[in-house]
Structures are given as C-alpha cells and as structure tokens.
Amino acid sequence: MGLPEDKIPYNVQAALAEDIERAQSLALSDFLNYKLGSVSVNEAQNNPLQPDVQFRGYTASPLLGLAQGLAVYQNGVRINEPLGDTVNWDLIPQSAIHGINLIGGTNPVFGLNTLGGALTIQMKNGFNTEGHSLKVSGGSFDRIVASVDSSGNNGSWGYFVNVHYFDEEGWREQSESDAVNLYGSIGWLDANSKLNLNLQHGDSNLLGNGPLPVELLAIDRDTIFTGLDRTENGMTMLSIDGSHNFTDAIMLSANAFYRENKTDSLNGDVSELAVCELGGADALLEGLEDDGLEEIGLDEDDICQSQFTNAAALEAFLNDTAAGMGIDGDFNVEDLTGELSGTGVLADEAIENVSNRNQESYGTDIQLSFSNDLFNRTNQFIFGVALFAGDSRFESETELSFLDPITRSTTGLGTGTFVDEFETDVDAETTSLSLYFMDVMELTERLTLTASGRFNDTDVELLDRSGERRELNGKHNFSRFNPAIGVTYQVSKKANVFGNYSESSRAPTPIELACNDGVFDLAVAIAIAEGEDPDNVEFECRLPNAFLADPPLNEVVTKGFEGGIRGEVGAAEYHLGFFHSTNKDDIIFQTTGRSTGLFANVNETRRIGIEGRLAGETERADWVLAYTYLDATFEDDFEVLSPNHPFADEDGQIRVRSGNRIPGLSEHILKLSTDYAVSANSSVGLDVLYNSDQVLRGDESNQVDTLDGYAVVDLRGRYSINDNIELFARVSNLFDQKFETFGLLGEEPSEVEVPLLEDFTNPRFVGPAPPRAVFVGITLRAL
C-alpha cells in the first residue's frame with residue numbers, strides 16, 4: 001500500500017539489502033535472530049540452514065512436527081509448503097533479497113497461518129538494484145559462502161541474476177552440508193505499468209544430526225547421538241507479478257506462481273524391533289521392548305532361543321508371567337517377518353527411515369486499490385481475491401539396518417530389507433480461496449482508522465494410494481471470516497500511538513489431519529469391521545515417515561490485540577508496545593516414543609508480551625537496543641502424551657495445568673547491535689544477544705529443570721580499499737561460550753546398545769550451539 005509507518009496500527013520492522021550485508025549474517029534466519037525484535041531461534045536440527053525461527057511465540061520452521069504460526073511471502077507469493085506449512089530457509093538466497101518487512105500481530109489480510117505475524121520478502125530486480133558484484137567468504141568449519149550477481153536496465157527493460165552458494169564440513173561430526181540457489185528476474189515498466197518474471201531454482205543437501213544427551217554432551221560437544229539425518233531439497237519456482245495504474249487513484253496489481261519442491265529425507269535411528277528365534281527360525285518382532293522384559297525379570301536370551309513356536313505363544317507366556325507377578329504387562333507381540341520385502345536380511349540394531357515428499361503449489365492473487373477521497377476524507381481501499389492450491393505426494397519406507405558402535409551411524413549399513421507394514425504412500429490436496437479487503441481512512445489530520453477482513457475457504461483431501469490404509473482417506477473443509485480494526489493517532493510531530501484488534505486462523509495441515517490423537521478410535525473401528533485384531537492397531541506417527549488416519553482436527557483461531565507508542569526522543573527513535581494473542585484449538589505435537597508422536601488440539605493457549613526498541617546514530621556510530629518480554633502459556637488443564645517424562649503416569653501421560661509455560665520459548669530476549677566508523681573507509685560492529693531459559697519440549701507440565709539461558713557476542717569489521725573492493729571479517733561467539741538453544745525429553749540414551757552409552761540414563765537432550773568461529777571475505781563491485 002505504500003503507507004507511512006504512522007498510518008499503520010501495528011508494529012512493522014523493516015530492513016534493506018544494505019542492512020543485511022552489513023550484518024554479515026549467514027542466512028536470512030540468522031539476520032532475523034540478531035537484528036529484529038521478538039525473534040528467537042531454536043537449533044533443533046543443529047544445521048545453520050534448518051533453524052526454528054520464532055516470533056512472539058509463533059514458529060516458522062522447516063521441520064514437520066511443529067505447529068507453524070507465521071506466513072512467509074516472497075514477491076507476494078506465499079512460500080509455506082503445502083504439506084505442513086513449513087518454511088525452507090535454505091531455499092531463500094539472502095544475497096538476492098532487496099528488503100524485508102516483519103509484520104507483527106494476527107493480521108488477517110496476509111491469509112492463513114498469520115497467527116503471530118507475517119514476513120514479506122522483496123527480491124532484487126533490474127530496477128531496484130544496479131551493478132555487478134562478487135562476494136566470497138570462508139573460515140571455520142571449512143565453510144565457504146559465495147555469491148555473484150549482475151543487474152541493470154535501460155529505463156524500460158531490466159534484468160537481475162544471482163547465484164548463491166554455501167558449503168561446509170560443519171562443526172559437529174558427520175554434519176557436512178551444501179546449498180546452491182539461482183535466482184533471476186526480467187522486468188519491464190513504463191509510466192503506468194510494470195511487470196516482472198522471476199525464476200528460482202535451489203538445491204540443498206543438509207545434514208542435521210539433532211540434539212545430544214546431556215551425559216554425552218559433557219564428554220564431547222562435537223559428536224552425534226545417532227545418524228545420519230539427511231534432507232535433500234530440490235525446488236523450482238516461477239512467478240510473475242505486475243501492476244497497472246488505470247488512473248492516479250485506481251491501480252490493479254496481481255501475481256501468479258508455480259512452485260515444486262522435491263524433498264528426500266533419510267533418518268538413521270535406533271530400532272524398537274527385535275530379532276528373536278521362534279520355532280528354529282529368526283523372526284522380526286514388534287512389541288518386545290527391553291523395559292517390559294526387565295520388569296518381569298527377563299531378557300531376550302530367556303525367550304528368543306526357540307523356547308516358543310510363534311509370537312502368539314510368546315505373547316501369552318509374557319502376559320501370564322506378568323499377571324502371576326501382579327504386574328499389568330500388557331504385552332502385544334506382533335511377528336512382522338511376513339511383512340518384509342527386499343533381501344530378507346534381519347537386523348534389530350537400527351532402522352533407516354526413508355521418505356520422499358513431492359510438493360507442488362500454485363496460485364494467484366489479484367487486487368484493486370482505490371485512493372479516492374471518501375466523505376471528503378483521504379481514503380485508500382483495497383479489495384482482492386487469492387487462490388492457493390497445493391498437491392503433495394508422500395512416500396516412506398523403513399529399512400532394517402546395523403549400527404556402527406563407534407560412530408552410532410547407519411551409513412552404509414542398511415540390510416536392504418524393508419518393513420512393508422510401515423510403508424506409506426499418500427496424496428494430499430489443499431485448496432484455499434480467499435476474499436479480502438482493507439480500508440484506511442484519515443478521520444482527521446492526526447487520527448487514522450484502518451479496517452480489514454479476509455474470508456478463507458479451505459479444502460483438504462487425503463487419499464491413500466497403497467490401497468491398504470483406507471483410514472487415511474478423508475475430505476475436510478474449513479471456512480471463516482477474520483476481521484481487524486485499528487487506529488493511529490499522531491500526538492505530536494515526534495509521537496504516534498496505535499492500537500489494533502485482529503483475528504486470524506489456520507486450517508490444520510494435511511500432515512496434522514493425517515496424524516492426530518483421534519486416530520485410535522477410527523482405526524480400531526475399521527479393524528473390528530474387517531474382522532482384524534484391534535490390538536494390532538498402531539497409535540503413533542513416525543514423522544516424517546508415516547501417517548496413520550484422518551479424524552478431524554479443529555481449525556486454529558487466534559484473536560489478538562496490540563498497541564503502543566513510537567516516535568523520536570532527542571536523536572533516537574523509539575518503539576514501546578504490548579501484544580496479546582489467544583489461540584483457540586491450538587495444535588501441539590505429542591511425543592509417543594523415539595521420533596514418533598501425534599498431533600492434538602489444545603483448548604486454549606495465550607501469548608502476552610511487551611516489546612521495546614531504541615535506536616540512534618551519531619556522526620560516526622549507530623546502535624539499536626531491543627528487548628522483549630514474552631509470557632506464553634497453556635490456558636487449559638489437560639493431559640498430554642509424554643512417555644519419556646520422569647513423572648509420566650503408567651499410560652505415558654503428564655498433567656498440564658493452566659498457566660504452564662509453552663516449551664521452547666524464552667521469556668526475555670535482549671539484543672544490542674552497534675556499528676562504529678573507525679575511519680572513512682573502515683568500521684567495526686558488535687552484536688550482543690541474550691535469551692533467558694526455556695522449558696524442554698515434552699515437559700509441557702513444567703516439572704523438570706528448564707534449559708539455561710545464554711548470552712553470546714559477535715564481532716565484525718569492514719575495510720574498503722576503494723569503491724570497488726571491500727574486505728570484511730566476523731567472529732561468532734567471541735568468548736567461546738558453551739550453551740544450548742534447544743532441549744527436549746527423549747528416551748534413555750542407554751536404549752542405544754553401544755558401550756559408550758550403556759550407563760547413560762538421563763532423558764534430557766539438548767541442541768549445542770557452535771563454538772567460536774572466524775570468517776573472512778572479500779567483496780568486488782562494479783557498476
């Protein structure tokens with residue numbers, strides 16, 4: 001809309017390409033973490049290109065299994081992937097970004113998933129960027145980052161092309177990664193119209209080996225627990241955007257896009273299956289876990305040397321033994337030997353979960369803007385219609401594997417035997433049609449009223465392609481109108497107050513609909529109707545490697561309001577505001593075991609916060625200080641699955657109370673960034689980041705110790721030899737602090753039967769941050 005900040009009734013943080021370049025950030029997510037208020041990062045995967053980015057307690061992450069709450073747009077195109085609303089930060093080339101806006105609040109105009117805010121990214125083109133540049137840097141972790149771009153125009157036609165490359169060995173063992181993105185734009189404009197055709201292709205090969213048990217962390221921060229965890233993305237996106245001014249007061253703007261992202265994942269993990277000799281032959285059994293056997297004083301040697309002819313006889317013996325000891329053993333042993341394909345070689349040390357996701361999305365957004373006065377008052381009105389459609393194909397299989405006892409990796413150790421029962425092949429189709437409007441009226445010279453709203457109608461359909469999982473099939477519809485109203489008032493030339501009330505919503509994603517805690521009753525009913533044993537029904541999802549069934553989840557609805565004051569005091573700019581948002585039927589992921597779990601609705605969650613920002617500059621220095629207080633809590637009493645919790649009941653559940661903190665979020669975030677010009681051609685900069693403690697995932701009941709907070713300092717500098725050559729350097733984690741950004745409760749590490757871990761019993765897992773690192777580089781420019 002091109003509105004000035006004092007007409008916008010919510011907080012907007014903006015940055016341009018020069019801000020991003022000066023920060024020397026590795027990726028856009030890194031820039032957001034250090035430079036923008038109310039943003040924090042969890043390194044759950046421990047890969048620098050796969051972080052969980054959180055804003056005001058809402059998440060944009062590349063990982064399935066997290067409830068997403070931020071919408072991300074690139075050149076007006078929504079790039080949240082259709083299967084799980086995930087955001088692939090590795091596919092956003094930072095060096096091709098012209099500018100960003102981080103819009104706070106529950107803003108309905110930005111469509112579905114704008115529960116906590118929206119991030120809009122404007123890419124470079126031949127008219128907003130001119131010249132040619134080459135930038136290369138390298139340093140610790142054998143990291144190399146390079147980008148080259150060229151752009152220009154003749155007044156009517158313009159072009160921009162960019163290549164961005166990343167490669168590193170990583171600071172942890174077995175964590176090498178690489179990514180390359182190509183972005184190009186051809187544009188045309190005249191006095192009344194403009195048009196851009198944009199093409200992007202990205203390929204990445206990322207290893208993120210996840211958190212470590214705290215006992216293993218104390219021995220070696222560089223090692224891994226189990227591996228590998230590899231994600232390969234291959235994405236192509238074509239988009240076109242443009243506008244036309246019919247008159248000085250009427251403008252049409254539109255975009256259309258097609259995006260395809262193919263993701264291959266491989267996750268090496270410890271097996272919960274057992275190879276057991278029954279009737280003189282080896283069998284692969286499920287449900288024969290060491291903990292259950294230990295409770296009745298047995299181990300596998302006592303029962304797996306042909307003492308029993310089949311799994312049913314073994315199951316009966318175990319349950320009778322438990323009953324005789326007064327223990328509710330509830331053993332459910334299933335023989336999977338007949339459900340195998342491939343080589344037939346058995347192994348129970350590990351498994352490799354292999355999945356393929358092919359996600360296609362396409363859509364268009366068309367809007368009309370009218371700037372005519374209304375009732376003799378300055379007014380701007382926008383009306384638009386948007387279509388977003390996504391088709392996803394998800395295939396997964398589980399391969400039996402051996403495990404290297406030294407590296408705890410499955411690399412090269414797969415047996416070629418696959419468990420057909422764990423195989424998944426499903427299609428998901430999502431279609432969203434939206435109508436929206438926004439009106440901005442200046443009631444007086446000082447008072448501006450903004451009213452907006454959006455109606456969303458979303459259809460989600462799941463289809464099992466294997467023919468074996470009929471419970472997956474289902475169709476769902478979610479529709480809702482979300483309104484917003486806000487005001488700004490110019491108190492003086494240097495003070496502006498604002499307030500806004502808004503509502504937004506998001507439909508459950510296909511992966512959430514296909515994997516939630518209502519699955520059990522439906523799957524049991526189908527089993528009974530078909531004369532099968534309902535006790536064999538699985539009640540978990542192995543994300544991202546399996547779906548289960550399709551009972552409905554409710555749509556998440558967020559209602560929020562915010563207000564504040566902004567302006568100037570002396571030579572400094574300031575912003576002081578508060579925000580309050582409440583989610584109805586929020587969706588959380590409950591852990592049921594190792595890498596498994598289910599989605600569930602929670603009646604209500606709440607996020608309340610205060611955020612402040614103070615920025616100033618002198619002749620030689622500029623600085624920004626930002627602080628956020630966030631109180632993110634569950635507002636309902638409920639029980640949730642968390643079988644690894646030390647206080648879980650016999651059903652693996654914990655009791656969450658109203659007021660308990662939501663895991664993974666810091667209450668206090670403090671950021672200081674400053675740059676000082678040492679001379680006309682050199683400068684130094686300092687970034688300080690503080691995040692307070694956070695609750696571990698899996699401890700929604702807040703019963704165990706939190707993950708400690710941390711402070712980290714980065715130092716950077718630049719030296720310009722001339723207008724065309726610049727040298728730069730950055731020291732990350734200047735004081736080599738040892739800290740963690742993420743924590744969860746997992747199974748006891750000793751479940752991995754290798755010598756190093758046999759005495760480890762602490763279920764706390766944490767994501768360690770990288771040690772001190774030094775990077776240097778050079779930039780070459782030409783007009």
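Given contacts defined as C-alpha pairs under 8 Å and at least six residues apart, what's the relative contact order of the stretch 659-774, whole-number percent?
For the stretch 659-774, the relative contact order is 21 percent.
Which one, 198, 327, 313, is farthest towards the positive end of the dipole of the chain when Lys and Arg carry +1 and Asp and Glu -1 on their Cβ?
Of the options given, the answer is 198.
Looking only at the stretch 249-339, where both bridge partners belong to it, what percent of the DSSP beta bridges are antiparallel (to the nearest 5)?
Details: 8 of 9 bridges.
Percentage antiparallel, nearest 5: 90.
Could you give the semi-axes, largest first, of the ellipsoid that matches the stretch 721-781, computed as the square roots of 5 times the alpha carbon gyration tensor eigenvalues and rounded to whole Å?
Its equivalent ellipsoid spans semi-axes of 43, 11, 10 Å.
Considering only C-alpha atoms, what is the centroid distance from the stretch 402-474 to the stretch 730-751, in Å?
About 29 Å separates the Cα centre of the stretch 402-474 from the one of the stretch 730-751.
For the stretch 70-192, rounded, prolate or oblate, judged on the Cα gyration tensor with a ≥ b ≥ c (square roots of eigenvalues), a/c < 1.5 rounded, else prolate if a/b > b/c?
Cα axes put the stretch 70-192 in the oblate bin.
Accessible area of the chain with a 1.4 Å probe: how many percent of it is carbon plus sulfur?
Carbon-and-sulfur percentage of accessible area, whole number: 54.
For the chain, what is the calculated [θ] at 222 nm in deg cm²/dmol (nearest 500), taking -39500 (n - 2.57) for each run of four or more DSSP H residues and dividing by its residue count?
-2000 deg cm²/dmol
Just want to confirm a number: the relative contact order over the chain, from Cα pairs under 8 angstrom separated by 6+ residues, in percent.
This gives 11 percent for the chain.
Shape of the stretch 91-145 from its Cα gyration tensor (a ≥ b ≥ c, root eigenvalues): rounded if a/c is under 1.5, otherwise prolate when a/b > b/c, or oblate?
Values: a/c = 4.16, a/b = 1.67, b/c = 2.50.
Since a/c reaches 1.5 but b/c is at least a/b, the shape of the stretch 91-145 is classed as oblate.
Could you tell me the distance between the Cα centroids of the stretch 177-222 and the stretch 616-674, to the nearest Å?
Cα centroid of the stretch 177-222 versus Cα centroid of the stretch 616-674: 27 Å apart.
Under a 1.4 Å probe, what is the accessible area of the stretch 678-779 per residue, stated in Å²?
44
Cα gyration tensor of the stretch 36-83, axes a ≥ b ≥ c as square roots of the eigenvalues: rounded (a/c below 1.5), prolate (a/b > b/c) or oblate? Provide the component values of the computation, followed by the final result.
On the way: a/c = 1.61, a/b = 1.22, b/c = 1.32.
Because a/c hits 1.5 or more and a/b fails to exceed b/c, the stretch 36-83 counts as oblate.
Tell me the per residue accessible area of the stretch 252-377 using a 1.4 Å probe; a whole number in Å² is fine.
Dividing the accessible area of the stretch 252-377 by its residue count gives 48 Å².
Which of 647, 684, 560 sits farthest toward the positive end of the charge dipole of the chain, with +1 on the Cβ of Lys and Arg and -1 on the Cβ of Asp and Glu?
My answer, from the dipole projection, is 684.
How much of residue 370 can a 1.4 Å solvent probe reach, expressed as accessible area in Å² and rounded to 10?
For residue 370, the solvent-accessible surface is approximately 60 Å².
As a test, work out the antiparallel percent of DSSP beta bridges whose residues both lie in the chain, rounded to the nearest 5.
Working: 335 of 344 bridges.
Within the chain, antiparallel bridges account for around 95 percent of the total.
Before anything else, pin down the relative contact order of the stretch 595-725: Cα pairs under 8 Å, at least 6 apart, normalised by residue count, whole percent.
Numbers: 286 pairs, mean separation 26.5, N = 131.
Here the relative contact order equals 20 percent.
Find how many whole Å separate the alpha carbon centroid of the stretch 124-151 from the alpha carbon centroid of the stretch 361-382.
37
With only Lys, Arg, Asp and Glu charged, each at its Cβ (+1 for the first two, -1 for the last two), find how big the charge dipole of the chain is about the Cα centre; round to the nearest 20 debye. Kindly include the intermediate steps, with their values, before the conclusion.
On the way: 49 positive and 127 negative charges, 1266 e Å.
Computed about the Cα centre, the dipole is about 6080 debye.
Restricting to the stretch 37-171, compute how many DSSP beta bridges are antiparallel as a %, nearest 5.
Rounded to the nearest five, the antiparallel share is 90 percent.
Taking every pair of distinct Cα atoms and averaging 1/r, then inverting, what Kirkwood hydrodynamic radius in Å comes out for the chain?
For the chain, inverting the mean 1/r across all distinct Cα pairs yields 27.9 Å.
Using the heavy atoms of the protein chains and a 1.4 angstrom probe, tell me the accessible area per residue for the stretch 380-491 in square angstrom.
Dividing the accessible area of the stretch 380-491 by its residue count gives 44 Å².
Mind ordering 449-455, 15-21, 319-325 by average Cβ neighbours within 10 Å, highest first?
The peptides rank, most packed first, as 449-455, 15-21, 319-325.
The values are calculated or read from the model by the stated rules, or taken from the named source; none is laboratory data. Since this is a predicted model, take the numbers as computed values, not measurements. We place every Cβ from the backbone using ideal geometry, glycine too, and count neighbours over all the protein chains shown. Keep in mind that these areas ignore ligands, DNA and RNA; they rest on the heavy atoms of the full protein, side chains included. Shrake-Rupley method; radii C 1.70, N 1.55, O 1.52, S 1.80 Å.
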